[in-house]
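The values are calculated or read from the model by the stated rules, or taken from the named source; none is laboratory data. Please read these numbers as outputs of a predicted model, since none were measured by experiment. Please note: Cβ atoms are built from the backbone with ideal geometry, for glycine as well, and neighbour counts cover all protein chains shown.
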Amino acid sequence: MKICAATGNAGKLRELRRILEAQGHEVVSQKELGITIEPEETGTTFAENALIKAETICKASGLPTIADDSGLCVDALDGAPGVYSARYCGHHGDDEANNDKLLAAMQAVPAGQRGAKFVSAVCFILPDGRHLTCMGECPGRIAFTRLCGDYGFGYDPLFIPADCGVGKTDKRPNTEKRSYAQLTPDEKDAISHRGNALAELEKQLPSFLGE
C-alpha cells in the first residue's frame, strides 16, 4: 500500500519509513508530495493530535495517510512535557533547548525518582474518513546528562529505556544503560513507543481494511 507520512520531522520520517517498509508498504512523505501544511496541534491527547495531522494531510494528498503524535512523559514532572514535548522550551522543534529545559527541571531529582515513558499515538486514515489509532509506550528513565550516540533525535539522548531490542522483534534488559540515541535502529525499533504502536497497527490493519 502507498501511504503518505504526515510529518516534517526528518527523524520521525526515517523511523516511520523504516518500520512501514519492512511491513511491505511504500511510504511517501508529505514533503515529497509538495505538501507544506503544518496542522495546528490543538488536541489535549496524543491520539487527538495524531488524528488532526492525519486528517489534514490525507485531504491534501488524497492518499491513505499515517500520522504520529508522540512525546515524553516524566513521572517527577507530573507527566510533562507530554503533548507539549516538541515545544517544551516555548517554540517548536528546538531539540537542544528542549533537552536543556528538561535537564534543568530534573537537576535535583534523585536516581530512583527519574522514571519516564515515551508514548506514541499512530493514526492511519483512509480518504473516505475511516481511521484507526494505535498506541505504543516505552518505559525508562531520564539520564543526568546527554548520552549522545550515532542515532536518535529529540529527547533520545536523555532517555534510557528499560529494555533494548535484539534483532527486530526480541528484547532484553538494557543492562548497559544506553540511551535511545545509542541504540541501533533495529535495537530501538523493537522496543520503542513508535515501534510498538506500528506493530499494533500492523496487527489491526487487515481487519480494519476488510471492514
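Among the residues of region 93-110, those identified as free of Cβ contacts under 8 Å to residues at least 12 places away in the same chain and either part of a loop (DSSP other than H, G, I, E, B) or among the small types (G, A, S) (or both) are D94, A97, A104, Q107, A108, P110. Of the numbered criteria (1) farther than 12 Å from T65 by Cα; (2) buried (at least 16 other Cβ atoms within 10 Å of the Cβ); (3) touching a Lys or Arg at 6+ places or on another chain (Cβ under 9 Å), the one A5 fails is (1). Among the residues of region 158-183, those identified as within 22 Å of A104 (Cβ to Cβ) and either touching a Gly at 6+ places or on another chain (Cβ under 7 Å) or surrounded by fewer than 13 Cβ atoms within 10 Å (Cβ to Cβ) (or both) are F159, I160, S179, Y180, A181. Are any of the residues in region 127-140 modelled with pLDDT under 95, more than 28 Å from A97 (Cα to Cα) and crowded, with 19+ Cβ neighbours inside 10 Å? Checked against the condition, which is being modelled with pLDDT under 95, more than 28 Å from A97 (Cα to Cα) and crowded, with 19+ Cβ neighbours inside 10 Å, region 127-140 yields no hits at all.
This table checks each residue for (1) assigned to a loop (DSSP other than H, G, I, E, B); (2) of a type outside the set (A, V, I, L, M, F, W, C); (3) on the phi > 0 side of the Ramachandran plot.
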{"site": "R146", "(1), (2), (3)": "yes, yes, no"}
{"site": "G154", "(1), (2), (3)": "yes, yes, yes"}
{"site": "P157", "(1), (2), (3)": "no, yes, no"}
{"site": "C164", "(1), (2), (3)": "no, no, no"}
{"site": "K177", "(1), (2), (3)": "yes, yes, yes"}
{"site": "A197", "(1), (2), (3)": "no, no, no"}
{"site": "E200", "(1), (2), (3)": "no, yes, no"}
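Annotation note: of I52, I66, I19, I57, the sole residue that is of a type in the set (A, V, I, L, M) and modelled with pLDDT under 95 is I19.
Do we find a residue being within 18 Å of the chain's Cα centre (by Cα), outside any helix (DSSP H, G or I) and not β-branched (V, I, T) anywhere in region 9-21? Scanning region 9-21, I find at least one residue that is within 18 Å of the chain's Cα centre (by Cα), outside any helix (DSSP H, G or I) and not β-branched (V, I, T), so the answer is yes.
Okay, residues lined up against (1) in contact with a strand residue (DSSP E or B) (Cβ under 6 Å, 6 or more places away or on another chain); (2) of a type in the set (D, E, K, R):
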| residue | (1), (2) |
| --- | --- |
| E40 | no, yes |
| L51 | yes, no |
| A60 | no, no |
| L63 | yes, no |
| C89 | no, no |
| N99 | no, no |
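Based on this model, can you work out whether H25 counts as surrounded by fewer than 20 Cβ atoms within 10 Å (Cβ to Cβ), closer than 21 Å to F159 by Cα, modelled with pLDDT under 95 and more than 14 Å from the chain's Cα centre (by Cα)?
Values: surrounded by fewer than 20 Cβ atoms within 10 Å (Cβ to Cβ): yes; closer than 21 Å to F159 by Cα: no; modelled with pLDDT under 95: yes; more than 14 Å from the chain's Cα centre (by Cα): yes.
In short, no.
Determine if region 53-64 includes at least one residue that is under 14 Å from the mean Cα position of the chain (by Cα) and outside any loop (DSSP other than H, G, I, E, B). I'd like the intermediate steps shown before the answer.
Step one: filter region 53-64 for residues under 14 Å from the mean Cα position of the chain (by Cα), giving 53.
Filter once more, keeping what is outside any loop (DSSP other than H, G, I, E, B): 53.
Yes, region 53-64 has at least one match.
Sub-9 Å Cβ pairs linking a first residue in region 75-92 that is on the phi > 0 side of the Ramachandran plot to a second residue that is charged (D, E, K, R) and not in a loop (DSSP other than H, G, I, E, B), at least 6 apart or interchain, are G90/K101, ordered by first then second residue.
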